[in-house]
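Please read the structure below before turning to the comments.
The values are calculated or read from the model by the stated rules, or taken from the named source; none is laboratory data. Source: prediction; values computed, not measured. Here the Cβ positions follow ideal geometry from the backbone for every residue, glycine too, while neighbour counts run over all protein chains shown. To get the accessible areas, we keep the full protein, side chains included, count just its heavy atoms, and leave off ligands, DNA and RNA. Shrake-Rupley method; radii C 1.70, N 1.55, O 1.52, S 1.80 Å.
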Amino acid sequence: MKKIFKKKSGYSRAFALSVFIFVTVLCVYGIYKNSNVKPANIDEYIKGTEVKNKGKEAGRMDSIIEYGDRITMAVHYPVFENPMVDMIIHDDIRQLIGEFKIELAKDSSTKGFLHCDYSAYLVDDTHVSATLLMEKSFSSYAHPDMIVRNYVFDTEANKRMVMADIIDPQKMSDFTNLVMNKITNLEGYTSVENINIVISEYFKSNPYSFYLSGDGVVIKFEKYSILPGYFGSPEILIPYSEAGNFFKSDFKFGNVISQAEAQQQENQLKNQQPPEEVPVKRVVDESKPMVALTFDDGPHPQNTRIILKALSQYKGAATFYMLGNRADSYGDVIEEIVAHGSEVENHSWSHTNYTKRTAGEIKSDKDKSQNAIKKYSGHTPITMRVPYGAINDTVKSSVGMPIVLWSVDTNDWKDKDSKTIIEWVTTNIKDGDIILMHDIWPETANSVLEIAKKLTDNGFQLVTVSEMAKARKIELKSGNKYFSFNKK
Ligand code: ZN
């Protein structure tokens, strides 16, 4: 990535910079929604920037989540069920993860952190668009890298679009000026030399520097590419009412499906699925052995349902520590979990490592996830499983909920083998254990029927975390960690 922004020195510059930092922290520009936090170090603040929840209007979410001693990685990306679109996005994801892992392998003393979230749009009935923001850092880095990927697809022509496909070449310099005006009007903007040339060069070397949202053409720049790092990855929205003046005459754009219509279409699709089975009424016998199966990182449209069905056969329930950012994609699955009698709890918004976030960021991330889960479940989560089980004092004091971890780690995401998973979950299990699994993996889902059978045969009841805490008369306290509810 080219760093075009040049640093100047001097007193007035320093003053302008401090005003700029102040304004940047306060302003609602771009990606910083979290205005109740004003960390002293601006880089700490930028570090937490993520794609705003502007919506996941199109496609469904897929996630790749891995953790270990040296790696915390959560990558969310959209799947549109269109082979060309999905291949292009998936290739990028694979490449970015590959590069990250190669870099991690080079130095065995470093720890790697990778996080990616996205927004996706159904622009009209032929165009879909998405923007990904990936944050990559290593313990050896002073600051994280931010990587942007923008996509606009014409699904009718089966083509990924570049800027030259939508903007009339004769109007390109006027379009560049419009973008420049919007940048120079940003709060906190201090002059960048020859900014129009900088932007025009950027467009030439980055033909995919834009996406189409519900509101207009959005230019999304890489961090440092045109503005100082304080701006993160700047976004410039050009409403369709303005952008339309620059469109090529053959850029067919219209038939815009409103979000409501899109939702309706999606609901119709969902309604075609067979009705799920009715839950079995369960009674927890507090005097008998019990374990809590927990499933993280979902919900998932197939795997979660397979798990629920398997549990039902053995009158069992489980606790689903889910990601808030998946709720809008899979709200119907959340409803089914609740109807089943299982429990939905909070596993953060997008599986970011909380130990790398400020107190304010943790709080707002958690709240965002609470609200998303509540929206579909009607239940405000009462326990939190922090991503990667990563905890420090800031996490403990700011999460504001009891933190439920686990006593049995199945490593299901690593092994991806049902036999091995069954072995983990059915050997050396004790009364009161909390068992960690992940419902985004089919191998896990397919192991649950056998797990439920074996555990039940061995006299264990399959209960939720809160049922087990209640049975053991443990009062869950905010900021406390719980690994199991083993009998003393
Ligand atoms: Zn997780």
SASA check, ASP154, accessible area w/ 1.4 Å probe, all protein chains in place, rounded to nearest 10 Å², comes out at 30 Å²
Pop a pseudo-label 7 angstrom from the Cα along the beta-carbon direction at both ALA142 and PHE251 and give the gap in nm to one decimal.
3.9 nm
What ³J(HN,Hα) values, in whole Hz, does the Karplus curve 6.51 cos²θ - 1.76 cosθ + 1.60 give for region 202-213 when θ = phi - 60°, with x put for Gly and Pro?
4, 4, 5, 8, 10, x, 9, 7, 9, 9, 10, 9
Listed here are the pairs LYS171/LYS252; LYS111/LYS396; LYS288/LYS366; LYS315/LYS470; LYS315/LYS416; LYS356/LYS419; which of them are more than 24 Å apart at the Cα?
LYS288/LYS366; LYS315/LYS416; LYS356/LYS419
Translational D (Stokes-Einstein, µm²/s) of region 69-217 at 4 °C and 1.567 mPa s when Rh comes from the Kirkwood sum over C-alpha pairs?
74 µm²/s
Taking just the alpha-carbon atoms of region 346-388, what radius of gyration and Dmax come out, in angstrom?
10.1, 30
With an 8 Å cut-off on Cα pairs and a minimum separation of 6 or more residues, tell me the relative contact order of region 67-178 in percent.
21 percent
Quick one: how many Å² of SER478 are accessible to a 1.4 Å probe, rounded to 10?
70 Å²
Mean separation of Cα contacts under 8 Å, 6 or more apart, over the residue count of region 146-247: relative contact order %
32 percent
Quick one: what are the phi-derived ³J(HN,Hα) couplings along region 446-454, Karplus 6.51/-1.76/1.60 with θ = phi - 60°, whole Hz, x for glycine and proline?
6, 8, 5, 4, 5, 4, 4, 5, 4
Region 73-142 - convex hull of alpha carbons, volume per residue in Å³:
77 Å³
Of 389-397, 403-411, ordering from highest average Cβ density within 10 Å down gives 403-411, 389-397
If you average the C-alpha positions of region 133-148 and of region 427-488 separately, how far apart do those two centres end up, in angstrom?
36 Å
For region 166-208, compute Rg over Rh where Rg is the Cα radius of gyration and Rh is the Kirkwood radius from the inverse mean 1/r over Cα pairs.
0.99
Pairwise centroid distance, computed over Cα atoms, of region 300-356 with region 66-105, Å
23 Å
Kindly state, as a whole number, the per residue volume in cubic angstrom of the convex hull around the alpha carbon atoms of region 439-488.
109 Å³
Per-pair calculated FRET efficiency, R0 = 35 Å: GLU423 and GLU81 via Cβ, rounded to 0.05:
0.50
Partner aspartates and glutamates for LYS248 [C-alpha distance under 13 Å; skip if fewer than 8 residues away on the same chain]:
ASP165, ASP168
For GLU343, the residues 5 or more places away or on another chain with a placed amide H closer than 5 Å to its own amide H are ALA318, THR319, PHE320
Rg from C-alpha atoms of region 327-434, normalised by the globular rule of thumb 2.2 N^0.38 Å, equals 1.18
Stokes-Einstein diffusion coefficient of region 155-251, Kirkwood radius over Cα pairs, 25 °C, 0.890 mPa s, in µm²/s:
176 µm²/s
Compute from the Cα atoms of region 404-449 the Rg and the Dmax, the latter being the longest Cα-Cα distance, and quote both in angstrom.
10.0, 27
Run the numbers on region 383-487 and let me know its relative contact order in percent, using alpha-carbon pairs under 8 Å that are six or more apart.
37 percent
Kirkwood hydrodynamic radius, computed over distinct alpha-carbon pairs, for region 377-473: how many Å, to one decimal?
14.9 Å
